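The values are calculated or read from the model by the stated rules, or taken from the named source; none is laboratory data. As the structure is a prediction and not an experimental result, all values here were calculated from the model. All Cβ positions, glycine included, derive from the backbone under ideal geometry; neighbour counts span all protein chains shown. Side chains are part of the model used for accessible areas, which takes the heavy atoms of the whole protein and leaves out ligands, DNA and RNA. Shrake-Rupley method; radii C 1.70, N 1.55, O 1.52, S 1.80 Å.
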2 protein chains.
Amino acid sequence: MSRFTAPRLVLGALSVAALLATGAVQAKDAEPVSPIPAAKVTNPGKVELGKKLFFDPRLSRSGFISCNSCHNLSMGGSDNLKTSIGDKWQKGPINSPTVLNSSLNVAQFWDGRAKDLKEQAGGPIANPGEMAFTHDLAVDLLTSIPQYVAEFKKVFGHDKLTIDEVTQAIAAFEETLVTPNARFDKWLKGDKKAINAQELRGYQLFKSSGCVACHNGPNLGGTSFQKMGLVEAYKTDNPAEGRSAVTGNDAERFNFKVPTLRNVELTYPYFHDGAADTLTQAVDTMGRLQLGKKFTPEENADIVAFLKTLTGDQPKFTLPILPPSSDKTKRPQPFE
Amino acid sequence: MSRFTAPRLVLGALSVAALLATGAVQAKDAEPVSPIPAAKVTNPGKVELGKKLFFDPRLSRSGFISCNSCHNLSMGGSDNLKTSIGDKWQKGPINSPTVLNSSLNVAQFWDGRAKDLKEQAGGPIANPGEMAFTHDLAVDLLTSIPQYVAEFKKVFGHDKLTIDEVTQAIAAFEETLVTPNARFDKWLKGDKKAINAQELRGYQLFKSSGCVACHNGPNLGGTSFQKMGLVEAYKTDNPAEGRSAVTGNDAERFNFKVPTLRNVELTYPYFHDGAADTLTQAVDTMGRLQLGKKFTPEENADIVAFLKTLTGDQPKFTLPILPPSSDKTKRPQPFE
């Protein structure tokens with residue numbers, strides 16, 4: 001063994017110990033799914049600022065589209081559309097993934113092209129098909145609003161207001177958007193009456209059929225990229241190619257980030273192309289295409305019943321009041 | 001005098017007494033403006049249901065536009081756009097009036113074509129240029145969502161779910177959207193330090209110049225229709241003709257409902273065509289066109305300072321979580 005091997009092994013052992021300590025792996029009962037931890041807010045001021053930015057449509061060219069337009073926190077952190085509506089009613093290329101529990105994902109976007117929430121937050125603002133603004137215009141706009149300037153200064157302790165502070169604040173808010181206390185989590189924690197017999201059968205089938213191979217961990221997904229259409233090819237008009245568009249590796253064509261199943265009852269329609277309207281359809285398609293398994297109607301219903309136990313407490317907060325534009329603020333011109 | 005005169009006089013006297021009793025007229029200090037009363041919630045369940053409906057984009061054809069899109073409660077109950085964005089990004093015909101304190105208006109819409117909030121609420125849902133749905137489709141949609149069905153039943157005590165119940169609930173929520181405790185209201189109630197010397201000068205000028213002839217009462221407006229361009233013609237590309245389009249009376253051409261000045265700091269841009277970006281512009285134009293008066297920069301600044309004392313407590317509530325669609329719910333097809 002080379003002299004580099006030993007330290008690497010030590011690191012590996014430490015990582016496992018750390019995972020055990022955080023409860024991400026439950027050695028006790030060895031369930032492949034673990035409860036969602038409650039949000040830990042370390043900087044409430046940053047979270048409040050990020051909440052305002054998340055709801056502020058002035059970060060779009062039109063003054064009409066905010067982060068919340070497509071990641072609507074009244075609707076499971078999604079827009080419940082096949083693909084989203086962007087600037088000038090452009091048709092989005094892909095289904096809007098939920099922002100709920102997204103801090104638990106290994107990377108952001110369906111193809112994982114953003115390494116974290118901060119990097120993700122800058123994407124839609126500058127995407128010509130989404131909010132269609134630029135980072136410079138967004139910063140100019142915020143700088144023209146005295147209440148924002150004061151709030152940024154208070155939160156960050158300096159006068160610099162760049163897209164870095166903007167996306168940091170949005171990410172800090174998004175990190176609080178977790179949904180603990182799902183009935184299934186109560187069951188995981190020992191409340192055996194939290195789910196009923198059908199829901200438990202669904203979970204057992206979910207495990208024994210292999211769904212759990214990809215949909216595991218606290219977020220039941222979000223930790224790996226997998227090919228859509230593994231056993232049988234997936235037929236879609238959607239041109240998204242997934243992971244290969246990021247890595248340039250042809251072997252990763254049609255590999256997408258495994259979506260979380262948390263709150264899946266609220267985040268219809270399903271798949272990267274939004275083609276499945278209902279959980280029944282989604283379970284059927286996943287069984288056939290990913291596992292080579294045709295679930296009976298009863299089995300399908302059991303799994304759907306289990307999936308509905310994954311709806312947790314939705315983020316509860318007061319609708320933010322946005323600071324008004326000043327006379328210097330450039331007004332949006334949505335029709336130009 | 002005819003035999004019909006006497007009862008009419010009696011009614012008139014009763015009405016004045018009623019106004020005095022409600023505090024709408026403050027006989028004591030004879031100010032032409034009175035404080036905004038706090039909201040009285042008599043049916044909290046109906047208000048909660050109305051709040052959900054107000055935030056629910058499924059009441060639009062696209063599944064993307066809710067009441068809150070154009071009457072954004074994060075932004076003074078308006079969209080801060082010249083004219084609103086409707087279905088498929090259609091350009092709206094007129095500036096979106098604030099929903100805040102709108103229960104105090106004599107009628108709804110700029111031309112007063114809806115007699116109250118309930119009648120107003122049905123308008124945008126079915127307007128092909130706005131939410132582009134129909135009342136029947138809205139009712140079908142809500143009827144397909146079990147949680148909504150149960151909530152309507154609980155609130156109204158019967159199984160009937162028609163557009164009448166829908167608009168009643170939305171109106172009940174909107175009636176709570178009042179903004180008491182503005183600094184100016186504190187001054188009106190006797191706290192003489194609540195506004196400063198410049199703001200007081202502005203109010204005195206606002207009264208002595210005649211602004212108050214139209215912008216009076218608790219809402220500083222909303223109680224009458226007036227011609228836009230009284231002394232001097234108003235030049236605009238906007239084709240709206242105002243009150244005459246409702247009454248057919250040519251003498252009422254370009255008569256619009258006098259907008260409230262409550263929270264006017266938040267509800268830019270101004271006028272029915274949204275042509276004035278700033279309060280400074282709006283005060284200048286109003287002075288010249290409605291009063292034949294050219295305010296000096298100092299006078300204008302004083303009035304603007306006064307107007308900014310009219311920002312009250314914004315409605316504070318938890319963002320509603322919407323009940324999920326069921327398998328039977330028709331999915332929106334925004335691009336078709």
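By the gyration tensor of its Cα atoms, with a ≥ b ≥ c the square roots of the eigenvalues, what is the shape of the protein assembly as shown: rounded for a/c under 1.5, prolate for a/b over b/c, or oblate? It is prolate, given that a/c is not under 1.5 and a/b is the larger ratio. A:H272 contributes about 10 Å² of solvent-accessible surface, heavy atoms of the protein only, 1.4 Å probe.
Here is how far apart the A:S326 label points are across copies: 5.3 nm, shortest first, using a point 7 Å from Cα toward Cβ. Close amide H partners of B:G129, meaning residues 5 or more places away or on another chain with modelled amide H under 5 Å apart, do not exist here. The rotation axis bringing chain A onto chain B passes closest to the chain A residue reported with its distance as A:W89, 2, by C-beta distance in whole Å.
Estimate for me the total accessible surface buried between chains B and A (protein heavy atoms, probe 1.4 Å, no ligands or nucleic acids), in Å² to the nearest 100. What B and A bury together is about 4000 Å².
For B:E232, put the label point 7 Å out on the Cα→Cβ axis and report which residues of region B:275-316 keep their amide N under 11 Å from it. Label zone hits: B:284-295. Convex hull volume of the C-alpha atoms in region A:180-310, normalised per residue: 103 Å³.
Counting helices only, and only those DSSP H runs with n ≥ 4, report the 222 nm mean residue ellipticity of the protein assembly as shown as the sum of -39,500 (n - 2.57) divided by its residues, in deg cm²/dmol to the nearest 500.
-11000 deg cm²/dmol
List the residues of region B:31-66 whose accessible area drops by at least 10 Å² when all protein chains are present, compared with their chain alone, using a 1.4 Å probe and counting only protein heavy atoms. By number: B:F55, B:P57, B:R58, B:S62, B:G63, B:F64, B:I65. On the principal axes of its alpha-carbon atoms, chain B has extents of 62, 51, 46 Å, going from largest to smallest.
Between copies, the label points at A:K160 (set 7 angstrom from Cα along Cα-to-Cβ) are spaced 6.5 nm, reported in nanometres from shortest to longest. Descending by average beta-carbon neighbour count within 10 Å, the peptides A:115-126, A:325-336 line up as A:115-126, A:325-336, the highest first.
For the protein assembly as shown, what % of the accessible area comes from carbon and sulfur atoms, probe 1.4 Å?
Answer for the protein assembly as shown: carbon and sulfur cover 56 percent of the accessible area.
Remark on region B:78-97: accessible area falls by at least 40 square angstrom from chain-alone to full-complex state for B:L81, B:I85, B:W89, probe 1.4 angstrom.
Just which residues of region B:262-291 lose 50 Å² or more accessible area with every protein chain there, against their chain alone, with the probe set to 1.4 Å? Residues of region B:262-291 that lose at least 50 Å² of accessible area once the other chains are added: B:Y268.
Summary of the geometry: region B:175-195 and region A:259-336, compared by the centres of their Cα atoms, lie 43 Å apart. Taking trypsin sites (Lys or Arg not before Pro) across region B:127-206, the ones in a DSSP loop with at most 14 further Cβ atoms lying within 10 angstrom of their Cβ are B:K160, B:K189, B:K192, B:K193.
Note on region A:113-168 and region B:52-129: Cα centroid distance 29 Å, given to the nearest whole angstrom. Computed from backbone phi, the HN-Hα couplings of region A:283-294 come to 5, 4, 4, 4, x, 5, 7, 9, 10, x, 10, 9 Hz, rounded to whole numbers (Karplus: 6.51 cos²θ - 1.76 cosθ + 1.60, θ = phi - 60°; Gly and Pro given as x).
Rounded to the nearest 20, the size of the Cβ-charge dipole of the protein assembly as shown about its Cα centre is 980 debye, with Lys and Arg at +1 and Asp and Glu at -1. Excluding same-chain pairs closer than 8 in sequence, count the lysine pairs in region B:46-156 whose Cα atoms lie under 22 Å apart. For region B:46-156, qualifying lysine pairs total 14. Against the main long axis of the alpha-carbon atoms of chain B, helix B:5-22 sits at an angle near 80°. Taking all protein chains into account, the per residue accessible area for the protein assembly as shown stands at 45 Å² (1.4 Å probe).
Could you compute the net charge surrounding B:V155? Neighbours are other residues with a C-beta less than 10 Å from the C-beta of B:V155; K and R count +1, D and E count -1.
Once positives and negatives cancel, what remains is 0.
With the label put 7 angstrom out from Cα along the Cα-to-Cβ vector, A:D250 ends up 7.6 nm from the copy partners, going from closest to farthest.
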